[in-house]
Amino acid sequence: MSGKEADEGKASGGSGGAGGSEAKGDDAGWVDIDYSELSLGRKIGGGGFAIVHEARWRGQKIAVKTMFDPKVDDQTKREYMNELHHMRHLDHPNIVKFLGACATPPKMCIAMELCNFSLFHLLHNTRTPLSKEVLVRMATDTASAMAYMHAQKPVVVHRDLKTHNLLVLERRGAYSIKLCDFGLVGNRVTTAGTPNYMAPELLSDKPFSKKADVYAFGLVLWEMFMRQIPFDGWTATDIRDAVTSGERPEPLTSYDAPDLVRELVEACWAQDPAARPEFATLEERLRSWKPAVSAVASVASKGGGGDSLDALLGM
């Protein structure tokens, strides 16, 4: 299936930045990294025109996204500089922290904080139990990052929201989400992206808006609670034909997800972009959710013992 990326456990996302010389030029403002100062480790991801490695730089562990084609053409360089431009202007706790870059071909790279793994890896390559509370919290983090992007002027449309591009930072048993990969921001080619998460207007090669991100979020929510890849195994053509005719993955049940999440999924993947909610509304509603007090939890609170069925186990 088009758009699947390598994901081998860790991912870009983690600790803070380091000092360095400022880049020169009219669009200055990032730390200009000397590529010779990077010590690359194992590959942890990749897709499109780049590979992501763990690395060490000035004593700290980071993630480095490096262009793997030494013959950099103008289009590829434009895409790289576009991602660099957007990353350095985004500052939000749920967006991967930009540390610096080397913008000189052929050793072009972007340095980012290091996270533990992608959400895709956590959902599909591990058996880690994830409670509804934890999933809602991660969904809220994602909605918060997207609300921030859509509040920018001009609006920043991500265009490739999916679980591969949601990184997980694990600290003392708690998870937080970091949005990454801004390579399609500003890309007006409707066919660019991952078909599994693409809105019907994109698959139909029609004009699109920020509401294409909202549609993708609906698929991400569904994937989080079902722990299944949407339209897994389908061809791009089959996905296009199904989605443009109104078909969606099987609905979530009350067993799968809270009522609020099921309602939001249905609203997000509405066929009409105008009917999809804003991310600010999604964030607000997710933050307001409170888990129902189960009979098991009630007994436990009264000293009757027993474990909550939704308790998150330590990794």
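Can you give the FRET efficiency for ARG78 and GLU263, using 1/(1 + (r/R0)^6), R0 = 41 Å, r = Cβ-Cβ distance, to the nearest 0.05? The pair ARG78/GLU263 has a calculated efficiency of 0.50. Relative to the current alpha-carbon distance between GLU284 and ARG58, full extension at 0.36 nm per residue lengthens the span by 77.4 nm.
Among LYS132, LYS206, LYS290, LYS77, the ranking by other beta carbons within 10 Å of each residue's beta carbon, starting with the fewest, stands as LYS290, LYS206, LYS77, LYS132. Each label was represented as a point 7 Å from its Cα along the Cα-to-Cβ direction; for ALA151 and THR126 these points are 3.0 nm apart. Using the Karplus relation 6.51 cos²θ - 1.76 cosθ + 1.60 with θ = phi - 60°, the per-residue 3J(HN,Hα) values for region 197-202 come to 10, 7, 5, x, 5, 6 Hz, with x marking Gly and Pro. Remark: region 283-289, residue by residue, has Karplus-estimated 3J(HN,Hα) of 4, 4, 5, 5, 5, 7, 5 Hz, where x stands for each Gly or Pro and the curve is 6.51 cos²θ - 1.76 cosθ + 1.60 at θ = phi - 60°. Checking the Cα-Cα distances for LYS77/LYS178; LYS77/LYS132; LYS65/LYS211; LYS132/LYS153; LYS65/LYS162 against a 30 Å cut-off, the pairs over it are LYS77/LYS132; LYS132/LYS153.
Fewest first, what order do ARG276, ARG58, ARG78, ARG248 take by the number of other Cβ atoms within 10 Å? Numbers along the way, then the final one.
Numbers: ARG276 24, ARG58 14, ARG78 11, ARG248 17.
Listed from fewest to most nearby Cβ atoms, that is ARG78, ARG58, ARG248, ARG276.
Over all pairs of distinct alpha carbons, what does the Kirkwood formula give as the hydrodynamic radius of region 118-296, in Å? Taking the inverse mean of 1/r over all distinct Cα pairs, region 118-296 comes out at 16.5 Å. Taking the fewest neighbouring Cβ atoms within 10 Å as the starting point, the ordered list for ILE177, ILE95 is ILE95, ILE177.
I'd like the FRET efficiency for ARG227 and HIS89, computed as 1/(1 + (r/R0)^6) with the beta carbon distance as r and R0 of 41 Å, rounded to 0.05. Walk me through the numbers on the way to the answer.
Numbers: r = 34 Å, r/R0 = 0.83.
My answer for the efficiency is 0.75.
Can you tell me the mean projection area, over all orientations, of the convex hull of region 53-210's alpha carbons? Units nm², please.
On the way: hull surface 43.0 nm².
Average of the hull's projected areas for region 53-210 equals 10.7 nm².
Rule-based calculations on the coordinates, nothing more; no lab input. Worth saying up front: this structure is predicted, and the values here are computed from it rather than measured. When we count neighbours, we look across all protein chains shown, and the Cβ atoms used for this are built from the backbone with ideal geometry, even at glycine.
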